[in-house]
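Here is the structure we will look at.
The values are calculated or read from the model by the stated rules, or taken from the named source; none is laboratory data. Source: prediction; values computed, not measured. When we count neighbours, we look across all protein chains shown, and the Cβ atoms used for this are built from the backbone with ideal geometry, even at glycine. Areas reflect the complete protein model, heavy atoms only, side chains present, ligands, DNA and RNA absent. Shrake-Rupley method; radii C 1.70, N 1.55, O 1.52, S 1.80 Å.
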Amino acid sequence: MGTTGSQNVGRIPIDDNSILRLQEVTKVFCPGTIDEVKALDNINLDIIAEDFITVIGSNGAGKTTLLNIIAGVYPPERGGKLIVNGRDIANLSEHGHARYVGRVYQDPRTGTAAKMTIAENLSLAIMRGQKRGVGTAITKQRKELFRTVLVPLGLGLEDRLTALVGTLSGGQRQALSLVMATMSKPSLLLLDEHTATLDPKTARIVLELTQMVVSREKMTTVMVTHNMELALRFGNRLLMMHKGKIIVDLNHQQRINLTVSDLVDAFEKASGEQFVDDSVLLSSVDPMTRK
Amino acid sequence: MDIFSNLFPISLYEGLAYGLVAIGVYITFRVLSFPDLTVDGSFPLGGAVVSVLIINGVDPWVGTFTAFLAGMCAGLVTSLLNTALRINALLAGILMMVGLYSVNLMIMGRANIPLLREVTVFDEAAGLFGTDTSTTFSIIFMAALIIIVLAILNWLLRTDIGLALRATGDNEQMVRGLGGNTNLTTILGVSMSNGLVALAGAMIAQNQGFADIGMGIGMIVMGLASVIIGEGIFRPRGITGILLAVVGGAFAYRLFLGIALRLGLPPTDLKLVTAVLVVVVLAIPYIRKRLRHEWVPPAARM
Ligand SMILES: Nc1ncnc2c1ncn2[C@@H]1O[C@H](COP(=O)(O)OP(=O)(O)O)[C@@H](O)[C@H]1O
Ligand SMILES: [Mg+2]
């Protein structure tokens, strides 16, 4: 779809170019029980138009919770605000948020409907943020459009519009998810470790596709990753989360020439703790260069 | 006399009439993944509403349509219990089934309403074509009704809202993430389903000449049996194929029951036979996998 930014619904930048502002966002799970956990602790964050933010942090840091709050899966605690175009959408339903937010999940199965065809999945995605009525879902024009958005993936999906999505591989499904999340141009794209379940080669392909789509559509993006190399390589801003807080926020200038060990130092300085998460270190092999 | 005389046309008629129930059950169980047991209450609801209206002099067409609307309302309440009050789908259906028993008795005022001397939609429709109400006419009339219902569903399930409805049963999380209101699609699907089931109840009450408080017992299992048999025999692909297969399944099921009855099975055993049939069909895939030493996860509880 060759649409340009000016035609995008809901992408009207407010004065300071903030796409989304999180204000005093806190999220407590199971309040009042012994399982009580403060997954997000008073987060304040401005997401600026065309930012590509990478988010790292150990397991349980609150990364997924942050994305869920932005996507409206659940609201923040009372007092927390999500401001889009000057309007607080914190208490809008999840489907209400979908107009602003497209999302690719960690599990390819979450982002696609297995028992429906590729064309049907894309038809569902093309109606993002619109009222679904009794118009025919799969028309000739739409099929044309679906082919045009699938061709750049280079996976041959454009010739398999009537194939059930359940018959696709994980990588193909994730690539389809990416198209579905971006094709109707939401203001913000959320990626939650979206290559974590894929084999290294497929992960690399999906990451390349991500980079392509994001730069072509000038998508404002938040990408959660477990991989420090990736977090440094991608995007123009890096957030590090720990125990529900954003403990490091690096802009483009601050990130240049930064290495993984610099990040570990930054973590230890900001959190006052030893860096012990093996999984982050182990997964710091770069899937973009690993063949 | 041949004990199998008339078996085929009667099964055909019943298959078409109960086919409406099967379609309703298909919409909830298969399309929405919403195991809705309201059916046992909404089927007699349809019979109760149309009977009471007819004996009070209301036009049978209006009565039949009102029965359909009453079923929609029952489905609306079930889906609201689930979406607005977060009550588990299975439990919401059971609560409605139990509650509707009293509601149906209230509507009817007694346990049975005979319609033998009343003019029904079958008589009205036969009158329009200048014929008598015969088995053949009942078959044609029901077939026409089924064709209309199937045509509407076949169209609806291919629209944007229909796609959202189907996807709700497949991956609800995805639909919400794409901006679809899954509460709305659930309400739409469950209401439609129960409307069709009540319509079936209304048609059957008028054809058999009475409405009875107990006419809905086991209806959910019969509907499910039809759906499973239809899927098993016809192995359909695509919306049109599936809808036709479900009606075909209802016919095959009634034919099977008809044969069993004429071979001397006491009618009171029918429900047990049906229940066993469903158990067998549901267990076959698991047993097959076990024989191939495949691992099968435990069945869901809720
Ligand atoms: N739905 C939930 N119910 C209860 N606790 C939750 C839920 N979701 C997340 N948590 C808890 O909140 C914390 C943050 O989780 P999460 O945001 O998933 O972390 P991350 O994605 O950074 O690994 C964890 O302690 C997790 O156990
Ligand atoms: Mg996570």
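Inspect segment B:44-67 for any residue being loosely packed, with under 15 Cβ neighbours inside 10 Å and under 21 Å from the mean Cα position of the chain (by Cα) and give the result as yes or no. There is at least one residue in segment B:44-67 that is loosely packed, with under 15 Cβ neighbours inside 10 Å and under 21 Å from the mean Cα position of the chain (by Cα).
Can you tell me which residue within segment A:53-66, out of those that are open to solvent by 20 Å² or more (accessible area, probe 1.4 Å) and away from every other protein chain (no Cβ under 14 Å), is farthest from ligand 1 (Cβ to nearest atom)? Among those residues, the one meeting the criterion is A:S58. Checked against (1) more than 16 Å from ligand 1 (Cβ to nearest atom); (2) within 30 Å of A:E24 (Cα to Cα), A:V104 meets all criteria but (1). Could you check segment B:168-183 and list, in sequence order, the residues that are facing another protein chain (nearest Cβ under 9 Å), part of a helix (DSSP H, G or I) and more than 21 Å from the chain's Cα centre (by Cα)? The answer is B:D170, B:Q173, B:M174, B:V175, B:R176, B:G177, B:T182, B:N183. Criterion applied to A:E24, A:E36, A:E77, A:E50 was being open to solvent by 50 Å² or more (accessible area, probe 1.4 Å), under 20 Å from A:D192 (Cα atoms), modelled with pLDDT of 90 or more and more than 16 Å from ligand 2 (Cβ to nearest atom), and the one residue passing it is A:E50. When segment A:122-151 is limited to residues that are more than 8 Å from every other protein chain (Cβ to nearest Cβ) and touching a residue at least 40 places away in the same chain (Cβ under 8 Å), the one that is surrounded by the fewest Cβ atoms within 10 Å (Cβ to Cβ) turns out to be A:T148. Taken together, the residues in segment A:67-119 that are within 10 Å of chain B (Cβ to nearest Cβ), assigned to a strand (DSSP E or B) and not small (G, A, S) amount to 4.
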